[in-house]
Amino acid sequence: MTGPGAAGDGADGAADPAAGVPPVVLKLGGSLITEKDRPETLDGDALDAACDAVADALAAGDVDRLAVVHGGGSFGHHHASERGVSTTAGTRDADAVAAVHGAMKRLNAHVLDRLRERGVPAVPVHPLSLAARTAGTGGGLDLPLGSTATLLGEGFVPVLHGDGVATAGDGVTVVSGDELVVELAAGLGARRVGVCSTVPGVLDGDGDVIDAIDAFEAVADALGASDATDVSGGMAAKVRELLALDAPAHVFGAEGLAPFLRGEDAGTRIN
Ligand SMILES: Nc1ncnc2c1ncn2[C@@H]1O[C@H](COP(=O)(O)OP(=O)(O)OP(=O)(O)O)[C@@H](O)[C@H]1O
Ligand SMILES: C=C(C)CCOP(=O)(O)O
């Protein structure tokens with residue numbers, strides 16, 4: 001639904017506050033910032049290290065505009081899986097929606113606190129309040145980008161997260177951070193996309209990092225789901241979605257985050 005420019009064309013001809021420098025879009029994987037096998041458990045050291053890298057890159061001017069997305073880890077996936085909710089299976093139980101969304105807001109608050117402690121002007125954007133699958137689970141994601149684009153234009157670092165999403169004909173399903181990354185990157189005309197997870201990149205059958213991926217078929221056999229509880233498809237879904245982007249994307253581990261933010265290659269490049 002989105003395309004470059006969709007995020008802020010001023011209907012009245014006024015200067016568009018969102019126009020300008022294309023942003024970098026960064027996903028902090030839930031498996032990086034939480035202990036994915038222990039319900040609602042943060043990996044505080046990993047989150048601190050990731051927030052240090054983000055703060056350093058902004059302070060050094062390596063990145064001008066940055067939109068952050070984080071995944072669910074042991075917060076969202078645990079609650080979603082317990083209630084049988086996934087990206088393709090919805091719920092009409094408001095308590096289930098509240099459980100998933102509440103857990104994601106708790107994780108989002110941790111991420112925001114730690115970024116702001118380091119001087120990063122991080123503010124929340126909650127997808128449940130914005131997005132919809134208006135054509136059901138088989139259709140695309142409708143994610144209005146006006147708030148995120150305007151926040152970027154005003155110097156903030158918007159922080160979105162995997163969440164519940166209103167889904168026509170299916171109640172509320174899960175929207176993964178990876179889907180949000182793709183929508184943000186396409187709609188905001190991102191300069192680069194980074195997906196930081198616990199693995200140093202996409203691994204081949206021998207466990208080595210694949211340098212670059214141009215087509216899904218070439219790596220399909222090596223791509224599995226997540227090792228931990230995950231309702232949104234793990235690495236295979238990640239690669240498939242990133243391949244659809246115009247912007248170059250990188251999948252890397254914690255050690256790749258600072259180099260990626262400096263503009264260097266890190267982990268696996270997905271073209
Ligand atoms: N070929 C592969 N290369 C790398 N990781 C793979 C591969 N196949 C499967 N995986 C799994 O994918 C996981 C990364 O995907 P996952 O969705 O769990 O990460 P995440 O994005 O950090 O978490 P979250 O979905 O909670 O945000 C790895 O931990 C690994 O278990
Ligand atoms: C499970 C929920 C609510 C979020 C899923 O987002 P992901 O961890 O990016 O796949």
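Nearest 20 debye, what's the magnitude of the dipole of region 24-270 about its Cα centre given +1 on Lys and Arg Cβ and -1 on Asp and Glu Cβ?
Approximately 800 debye in magnitude.
Can you give the local net charge around LEU32? Use residues other than it whose beta-carbon is closer than 12 angstrom to its beta-carbon, Lys and Arg +1, Asp and Glu -1.
-3
Given H placed on each backbone N at 1.01 Å, which residues far from GLY194 in sequence or on other chains put an amide H within less than 5 Å of it?
Amide H neighbours of GLY194: VAL25, LEU26, LYS27, HIS250.
Sort the following peptides by mean Cβ neighbour count (other Cβ atoms within 10 Å, averaged over residues), highest first: 91-103, 22-34.
Packing proxy ranking, top to bottom: 22-34, 91-103.
Which of PRO22, ALA237, PHE252 sits closest to the plus end of the dipole of the chain, meaning its Cα is farthest towards the positive end, when Lys and Arg get +1 and Asp and Glu get -1 on the C-beta?
So the residue we want is PRO22.
Check each of the GluC sites (Glu not before Pro) in region 234-271 and keep only those in coil by DSSP with at most 11 other C-beta atoms within 10 angstrom; list them in order.
GLU264
Probe of 1.4 angstrom, ligands and nucleic acids ignored: what's the accessible area per residue over the chain, in square angstrom?
40
Can you give the extra length, in nm with one decimal, that the chain gains between SER129 and ASP204 once fully stretched, where that is 0.36 nm per residue apart less the Cα-Cα distance?
Taking SER129 through ASP204 to full extension adds about 23.2 nm, to one decimal.
When only DSSP loop residues count, what GluC sites (Glu not before Pro) in region 124-188 have their Cβ near at most 13 other Cβ atoms within 10 Å?
Sites meeting the loop and neighbour criteria: GLU154.
Work out from phi, with θ = phi - 60° and the Karplus expression 6.51 cos²θ - 1.76 cosθ + 1.60, the ³J(HN,Hα) of each residue of region 202-216, listed in order in whole Hz, and give x for Gly and Pro.
7, 9, 7, x, 8, x, 8, 6, 7, 5, 8, 10, 10, 8, 5
Could you list the trypsin sites (Lys or Arg not before Pro) in region 93-161 that lie in coil according to DSSP, counting only those with at most 11 other Cβ atoms within 10 Å of their Cβ?
none
Would you please report the Å³ per residue occupied by the convex hull of the alpha carbon atoms in the chain?
115
Kyte-Doolittle mean at least 0.0 and Cα extent at least 18 Å along the axis: which DSSP H helices of the chain qualify?
44-60
At 222 nm, what helix-only mean residue ellipticity would the chain give, in deg cm²/dmol to the nearest 500, using -39500 (n - 2.57) for each DSSP H run of four or more?
-10000 deg cm²/dmol, from helical runs alone.
What residue among VAL21, VAL193, VAL165 shows peak mean-square fluctuation when the chain is described by a Gaussian network model with Cα springs under 10 Å?
Largest GNM mean-square fluctuation: VAL21.
The values are calculated or read from the model by the stated rules, or taken from the named source; none is laboratory data. None of the values given here were measured: they were computed from a predicted structure. FYI the Cβ positions are ideal-geometry reconstructions off the backbone, even for glycines, and counts take in every protein chain you see. Ligands, DNA and RNA are excluded from the accessible area calculation, which covers all protein heavy atoms including side chains. Shrake-Rupley method; radii C 1.70, N 1.55, O 1.52, S 1.80 Å.
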